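The values are calculated or read from the model by the stated rules, or taken from the named source; none is laboratory data. Keep in mind that what you see is a predicted model, and the values were worked out from it rather than measured. Here the Cβ positions follow ideal geometry from the backbone for every residue, glycine too, while neighbour counts run over all protein chains shown. These area figures cover heavy atoms from the full protein model, side chains too; ligands, DNA and RNA do not enter into them. Shrake-Rupley method; radii C 1.70, N 1.55, O 1.52, S 1.80 Å.
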Amino acid sequence: MLAKIFKLKPEQIAPIALGRGGCLSTDRIVVEGKRVGYMYREEPHNELDSGWRFFAGDEDAGYMSNSQRHGVYDVNTLVNYDPDIFSFLDAAIGSRFERTGETFRLLGDGE
């Protein structure tokens, strides 16, 4: 297994959204530097999990079936990769959003 080469270096990660827990993200974002194109929040798996899942939006089932192409990161890390997600971090469990140009469209509000 090759080590991942992340788009941002550790010293480039600023304390923007600390204490929000972990999340899942694909390498399309953290390695390739793509913006978040689709995100949803599910019931957290444990007390360290925020429930957030972030995708560039073009990952298919084949891509996701390779566990080397995604990982668990601090939510703060993902906000550094794409600050546009910050205002959505308090959305309810069950919320789903899709990027439409420079903004996000609510697909489901968790209710």
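Less than 5 angstrom separates the built amide H of His70 from those of Asp27, all sequence-distant by 5 or more or on a different chain.
Here the dipole of the chain is about 360 debye; that uses its Cα centre as origin and unit charges on the Cβ of Lys and Arg (positive) and Asp and Glu (negative). Which trypsin sites (Lys or Arg not before Pro) in the stretch 67-109 sit in a loop by DSSP (not H, G, I, E or B) and have at most 14 other Cβ atoms within 10 Å of their own Cβ? Answer by residue number: there is no such site. Summarising the label geometry, the points placed 7 Å from Cα in the beta-carbon direction at Val72 and Leu106 lie 3.0 nm from one another.
At 1.4 Å probe size, with no ligands or nucleic acids counted, give the accessible surface of Lys9 in Å², nearest ten. Accessible area of Lys9: about 110 Å². Binning the alpha carbon pair distances of the chain at 10 angstrom intervals from zero yields the distribution 14, 49, 33, 3, 0, expressed in whole percent. Within the stretch 1-52, the GluC sites (Glu not before Pro) that combine a DSSP coil assignment with at most 13 other C-beta atoms in a 10 angstrom radius are Glu32, Glu47. Among the protein heavy atoms of the stretch 53-111, carbon and sulfur supply 50% of the accessible surface, probe 1.4 Å, non-protein parts ignored.
In terms of its Cα atoms, the stretch 66-111 spans 31, 22, 19 Å along the principal axes, sorted from long to short. Once C-alpha pairs closer than 8 Å and six or more residues apart are averaged by separation and normalised to the residue number of the chain, the relative contact order reads 30 percent.
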